[in-house]
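Enquirer: Here it is, the structure, as structure tokens.
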Amino acid sequence: MIQWKEEIVINKNIEHVWSLFLDKNIKKIMPKVEEHTLIEKKEHEVGAKHQQKYREGKRVETYIVETLAYEDREDKKKKQIRFVLGKAFEISLTFTLLKNEQDTTTFIYEGSNKGVNFIGRAMMKLSSQKGNDDVVKEFLQRVQTEAMKES
């Protein structure tokens, strides 16, 4: 299993950064997601389910994303999701935003990726921690870049 927890301070207010995690804006921070469709409950409810289509090269994977936690307070925002990719990997992601002074926000991105079958576990053993760290840092940078674009 691979796990991570990284954070970055973004020079925008918490509401602005949080808007990037809404269904209508998800493709801005996750450009490989081609489709993100609500299929159960409401987007801001625990237990909400979305069908996602994700492109990696020529392959498109379809899977169900379940919201495990959702918090929307003035000083803290949090969304935790889980999905199984390619019947081989269970991925859990948590996005936490903390309100700072002077219109800045701390964004904490944490998650785990574990193999759920023989192929998934074998591929996890072959994957590099550095490669995963690069993907995590790239996502943090993308969220910061998108947050800075919007007014």
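The values are calculated or read from the model by the stated rules, or taken from the named source; none is laboratory data. Not measured: the values here are computed from a predicted model. Please note: Cβ atoms are built from the backbone with ideal geometry, for glycine as well, and neighbour counts cover all protein chains shown. Heavy atoms of the whole protein, side chains included, go into the accessibility calculation; ligands, DNA and RNA do not. Shrake-Rupley method; radii C 1.70, N 1.55, O 1.52, S 1.80 Å.
So that you can scan it fast, the table gives a plain yes or no per residue for (1) out of contact with any helix residue (DSSP H, G or I) (no Cβ under 8 Å at 6 or more places or on another chain); (2) surrounded by fewer than 17 Cβ atoms within 10 Å (Cβ to Cβ):
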{"residue": "Lys41", "(1), (2)": "yes, yes"}
{"residue": "His44", "(1), (2)": "yes, yes"}
{"residue": "Ile64", "(1), (2)": "yes, yes"}
{"residue": "Leu68", "(1), (2)": "yes, yes"}
{"residue": "Asp75", "(1), (2)": "no, yes"}
{"residue": "Gln80", "(1), (2)": "yes, no"}
{"residue": "Phe107", "(1), (2)": "no, no"}
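Enquirer: How many of the residues in region 124-151 are at pLDDT 85 or above, exposed (fewer than 15 other Cβ atoms within 10 Å of the Cβ) and of a type in the set (A, V, I, L, M, F, W, C)?
Expert: Count: 2.
Enquirer: Now for a different question. Taking the condition crowded, with 16+ Cβ neighbours inside 10 Å, part of a strand (DSSP E or B) and within 12 Å of the chain's Cα centre (by Cα), does Val84 pass?
Expert: It is false that Val84 is crowded, with 16+ Cβ neighbours inside 10 Å, part of a strand (DSSP E or B) and within 12 Å of the chain's Cα centre (by Cα).
Enquirer: Tell me, please, whether a residue that is at pLDDT below 95, closer than 21 Å to Glu138 by Cβ, open to solvent by 80 Å² or more (accessible area, probe 1.4 Å) and not hydrophobic (A, V, I, L, M, F, W, C) can be found in region 14-28.
Expert: Yes; the residues of region 14-28 include at least one that is at pLDDT below 95, closer than 21 Å to Glu138 by Cβ, open to solvent by 80 Å² or more (accessible area, probe 1.4 Å) and not hydrophobic (A, V, I, L, M, F, W, C).
Enquirer: Restrict the check to region 46-61 and report whether at least one residue is more than 24 Å from Ser127 (Cβ to Cβ), surrounded by 16 or more Cβ atoms within 10 Å (Cβ to Cβ) and among the small types (Gly, Ala, Ser).
Expert: Within region 46-61, one or more residues are more than 24 Å from Ser127 (Cβ to Cβ), surrounded by 16 or more Cβ atoms within 10 Å (Cβ to Cβ) and among the small types (Gly, Ala, Ser).
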